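Report on the structure given below.
Please treat every number below as a calculation from the coordinates, not as lab data. Keep in mind the model is a prediction, meaning the values are calculated, not measured. Please note: Cβ atoms are built from the backbone with ideal geometry, for glycine as well, and neighbour counts cover all protein chains shown.
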Amino acid sequence: MQGAASFVNYATTSLPIATFFLSMAVGVVAWLQWRVARNKLWLDLFDRRYKVFEATRKFLWLIYKNVNYEKSELTAFNLATSDAEFLFSHDVVHWLATIQDRAAELSTTRTLLSQATKDDAELARLREAEKQHILWVLIQINDMTTVFSPYLGFKCVK
């Protein structure tokens, strides 16, 4: 009988130790799950931001290379960047809006240039305006990495 009593005594004293280690294991698993969920959130945010970056790069190259881009391409750019206000700070949202405005101005300038009824002074002014718009677009293509790097670089992964 004494053997059974010592077994019960051993079981009751080791039960809190087992419970402690089990609760520690559950805590570690919960912490690891939290880290995985947080990393998934950062990855999802990166993916959504990168889509805006890619759409911007594609659109800027399109308006730089293509003399007469379609209004549907501007609409596609607007749709691809429409969530930017939820993904980026105000400076990037403002920069994207400026791209849209300048693209529309460039399109208008190119349309006016295609009309042959302008006098020489007006044609020279329109050609200079087109040149300035294209130069601005080229600068934006070069500055894209600087604009998006705070949101897409490894520094933003926590």
Anyone know which of 140, 132, 100 comes out most mobile in the 10 Å Cα GNM of the chain?
-> 132
Along the stretch 95-112, what does the Karplus equation 6.51 cos²θ - 1.76 cosθ + 1.60 (θ = phi - 60°) give for ³J(HN,Hα), rounded to whole Hz, x for Gly and Pro?
-> 4, 5, 5, 5, 4, 4, 5, 5, 5, 5, 5, 5, 4, 5, 4, 5, 5, 5
Say the dipole of the stretch 54-158 comes from +1 at the beta carbon of Lys and Arg and -1 at that of Asp and Glu; which of 95, 151, 111 then lies farthest toward its positive end?
-> 151
Largest-first principal axis extents of the Cα set of the chain (Å) | 117, 25, 22
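Taking N as the number of residues in the stretch 89-158, what value does Rg over Cα atoms divided by 2.2 N^0.38 Å take?
Normalised Rg, Cα atoms only: 1.52.
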What spacing in nm lies between the two simple spin-label points modelled at residue 66 and residue 132, each 7 Å away from Cα in the Cβ direction?
-> 2.6
Tabulate in residue order the Karplus-calculated ³J(HN,Hα) for the stretch 146-152, using 6.51 cos²θ - 1.76 cosθ + 1.60 with θ = phi - 60°, rounded to whole Hz; enter x for Gly and Pro.
-> 5, 5, 8, 4, x, 9, 10
Lys pairs under 25 Å by Cα in the stretch 42-156, provided they are eight or more residues apart or on distinct chains | 11
